[in-house]
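One structure is given here, and the rest of the page talks about it.
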Amino acid sequence: MHTPPPHWDIFCRVIDNFGDIGVSWRLARILATDHQQSVRLWVDDLGTLARLEPALSTALARQVYPDINPSIEIIHWAGPQPDILPAPYVIEAFGCELPATYRALMSGRTVAWFNLEYFSAEPWVLNCHGLHSPQSDHADKQFVFPSTLPHTGGLLREANLLQERQTFIHDAAERARWSQQWRVPLPTPTAPSSKGLTILLFGYENEALAPLINLLNTLEDQPVILYLPEGRLLASARAALNRPDLVAGDTLHQGNITLHILPFLPQAQFDRLLWLCDLNFVRGEDSLVRALWAGKPLVWQIYPTEDDAHWAKLDALLDSLGLDSFNQGLSPAARHAWRRINHAWNQQTLAPDDWHAFMATLPELSQYAEHTSSRLAQQTELADWLVKTAFERLQCATN
Ligand code: TRH
């Protein structure tokens with residue numbers, strides 16, 4: 001006996017790192033929680049998903065994620081599953097190619113098939129978002145582009161995210177509970193005269209980390225807290241500090257700097273880490289979006305591509321945020337300093353002048369980041385776009 005299909009099937013292959021499944025898992029949760037859609041998530045690498053959500057098993061071919069209604073079922077996408085009937089709405093994340101057996105059963109069952117693309121703020125996205133690609137068997141695949149630009153697929157955002165952020169920022173007791181549960185030492189409040197700086201360092205290996213630490217050390221009267229999640233940038237920290245033994249859970253003091261090496265947090269807790277910080281160094285695409293919602297200045301270490309196309313993508317993001325047609329955006333000085341620091345971090349060299357110019361404009365960038373987060377929240381939310389478009393397609397199909 002076949003069980004009826006859920007509303008949505010999301011297919012995801014983990015190419016490398018956490019971004020592909022990070023986006024897919026977040027989307028599955030938002031569809032279920034905010035849109036009451038039942039979801040089946042197909043993923044080829046349960047180990048990576050279980051890092052983001054430790055409640056999940058790496059041993060089960062099929063499992064239901066606890067405590068969410070309607071349900072999210074996780075399927076280990078390891079071979080043909082001919083007994084599983086396609087859902088009415090299907091998301092192929094990042095062009096991962098649906099299984100042939102599934103594809104053969106879609107006709108007459110699937111109403112909308114979306115190809116979820118990688119994030120980009122480049123202007124060509126405006127012409128490509130929403131395009132249909134008719135397939136040889138008359139199936140229709142529609143392209144969806146997440147972006148900071150208006151009139152695109154927008155960005156993923158949980159309905160209560162910004163409210164939760166406000167509560168967390170203003171509720172010291174909640175922060176203390178969270179800190180204890182997840183073993184993240186909180187920054188100690190500083191006297192108003194000595195303004196502290198708290199920074200998240202989430203990135204790939206980066207030779208600019210050594211000069212960054214040296215420059216932070218020169219802020220002698222300013223206590224600096226660095227949170228560095230275990231992962232690829234930790235190798236650079238070990239080299240920069242000549243401490244090959246550093247592991248998650250360690251805390252190191254160097255002059256005015258306190259460095260905490262953090263264990264990898266469940267994805268649902270990652271946002272809170274960003275909310276604690278004055279400045280977030282992030283990487284890839286999911287942490288970028290979370291840094292935008294944190295409403296704090298960010299430096300983006302973009303995933304590098306072999307053809308160097310990532311530089312245009314980085315600049316497009318900075319342009320899409322730094323210039324705002326409603327209030328003119330950042331001052332030219334802040335826009336320039338922000339671009340320089342982003343380029344420097346991605347080039348893995350950090351000149352003192354670039355850092356000092358960036359620090360000088362940090363108050364303006366902080367205010368602007370808060371404004372940007374509110375502005376982006378007025379634009380399309382990605383899951384919302386998918387649900388609305390899917391239902392429109394359903395209506396067309398049944399009329
Ligand atoms: O892991 P990434 O480098 O992923 C990248 C990008 O998505 C890139 O575009 C893609 O081409 C490549 O993978 C294959 O960075 P990203 O996208 O920021 O994903 C990191 C995820 O890890 C994000 O969902 C947040 C999560 N995370 C936690 O859940 N806990 C943690 O402690 C940390 C540090 C991150």
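The values are calculated or read from the model by the stated rules, or taken from the named source; none is laboratory data. Here the structure is a predicted model, which means the values were calculated and not measured. Ideal geometry is used to build each Cβ from the backbone, glycine not excepted, and the neighbour counts take in all protein chains shown.
What the table below lists for this structure:
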read-out	value
Some residue of segment 151-170 being more than 29 Å from Thr372 (Cβ to Cβ) and exposed (fewer than 13 other Cβ atoms within 10 Å of the Cβ)	no
Sole exception among (1) within 11 Å of the ligand (Cβ to nearest atom); (2) in contact (Cβ under 8 Å) with a residue 60 or more places away in the chain for Pro6, by number	(1)
Cβ-Cβ under 6 Å pairs, at least 6 apart or on other chains, segment 282-311 side over 18 Å from Ser24 (Cβ atoms), far side β-branched (Val, Ile, Thr) and more than 12 Å from the ligand (Cβ to nearest atom)	Val299/Ile341
Residue satisfying all of: in segment 263-301; more than 19 Å from Asn160 (Cα to Cα) and touching an Asp or Glu at 6+ places or on another chain (Cβ under 7 Å); nearest to the ligand (Cβ to nearest atom) among these	Phe264
Residues within segment 247-262 that are over 28 Å from Asp20 (Cβ atoms) and either hydrophobic (A, V, I, L, M, F, W, C) or near the ligand (Cβ under 10 Å from one of its atoms) (or both), tallied	3
Odd one out for Arg51 among (1) assigned to a strand (DSSP E or B); (2) of a type outside the set (Ser, Thr, Tyr); (3) near the ligand (Cβ under 10 Å from one of its atoms)	(1)
Of all residues in segment 219-273 being of a type in the set (Lys, Arg) and part of a helix (DSSP H, G or I), the one that is farthest from Arg157 (Cα to Cα)	Arg238
Residue match in segment 16-39 (condition: over 18 Å from Leu156 (Cα atoms), within 16 Å of the ligand (Cβ to nearest atom) and in the same structural domain as Pro99 (by TED's automatic domain parsing))	yes
Count - residues of segment 230-245 that are away from the ligand (no atom under 16 Å from the Cβ) and surrounded by 14 or more Cβ atoms within 10 Å (Cβ to Cβ)	5
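For every residue, the table says whether it meets (1) surrounded by 14 or more Cβ atoms within 10 Å (Cβ to Cβ); (2) within 16 Å of the ligand (Cβ to nearest atom); (3) over 22 Å from Asn160 (Cβ atoms).
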| site | (1), (2), (3) |
| --- | --- |
| Arg13 | yes, yes, yes |
| Ile68 | yes, no, no |
| Ile84 | yes, no, yes |
| Ala112 | yes, no, yes |
